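Here's the structure, in structure tokens; my notes come after.
What follows is calculated from the coordinates using simple rules that are stated; it is not laboratory data. All values reported here derive from a predicted model rather than from experimental measurement. Cβ sites come from the backbone with ideal geometry, for glycine too, and all protein chains shown count toward neighbours.
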């Protein structure tokens, strides 16, 4: 069978995205070879939900500029092209560099008229890979105070490309939101399930992520979590207007909450139904 890559996403945090992603991975792993990818690299927690130990796989580095003070003529041109304000020009002195602002774009390197800028690397995060359990877990984690999480997600994507044929299903638990790291996590997906809740905030952020998926031309579906805590019409109207199906409704459950609080993997009838639809 062809490998199918499924994205589990959500316009906002707290909708139950990771809970749904891990639960689907558990169900699929009963019959298939499954890789779960925790791409929520700012705050990865799938290993906690599944009670799995993370094994360090590699350190992710980012290139950053370094200045040769003997060559630098203090012209300040490097700072004029830095879009992230990582370079602060000081009159008659070498530029002050703020490494946590830098995204490694290279504009300063090419702008320097005397070739006084070279490259070095800094550690910005880690990749973990557990392939000893029934569910294989690949996850990334951004180092504290580092701003560019796309580097970690791109590293995850490179690893997925190398090992994709080892699996029947790959489940990618994306970051919340619609910013660049989310797009990086979605770009490999064949189909995406957007997890939301029946509230005005849920509806607003769901619409944003669905519009993004439309632009990316990725097949999408809606999972309505905690479907009985608010007014479902918020989501039903949006679903109808955008012609994107609500494929499952998961009602609020104290059992799910207790399992989540105690690190016990979640299984229930509605998750089983979602899994069947993924297989079809």
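For the reader, a short list of remarks on this structure follows.
- Based on DSSP H segments of at least four residues, each scored -39500 (n - 2.57), the chain has a per-residue ellipticity at 222 nm of -9500 deg cm²/dmol.
- Under 19 Å from the residue 261 label point (7 Å along Cα→beta-carbon), backbone N, the stretch 41-61: 48-51
- Least to most buried among 188, 96 (fewest other Cβ within 10 Å first): 96, 188
- Relative contact order, whole percent, for the chain stands at 28, derived from Cα pairs under 8 Å and 6 or more residues apart.
- Exposure proxy ranking, count of Cβ atoms within 10 Å, fewest first, for 119, 67: 119, 67
- Relative to the longest principal axis of the Cα atoms of the chain, the long axis of helix 17-28 lies at roughly 60 degrees.
- Sorted on the mean count of surrounding Cβ atoms within 10 Å across their residues, most packed first, peptides 254-265, 190-201 read 190-201, 254-265.
- Nearest-ten-degree value, helix 269-279 long axis tilted from longest Cα axis of the chain: 70 degrees
- For the chain, the longest principal axis of the Cα atoms and the long axis of helix 233-242 meet at an angle of about 70 degrees.
- Between the stretch 222-277 and the stretch 49-100, the alpha-carbon centres lie 43 Å apart.
- Hydrodynamic radius of the stretch 69-115 per Kirkwood, over alpha carbon pairs, in Å: 10.7 Å
- Relative contact order (%) - the stretch 69-115, alpha-carbon pairs under 8 angstrom, separation at least six: 41 percent
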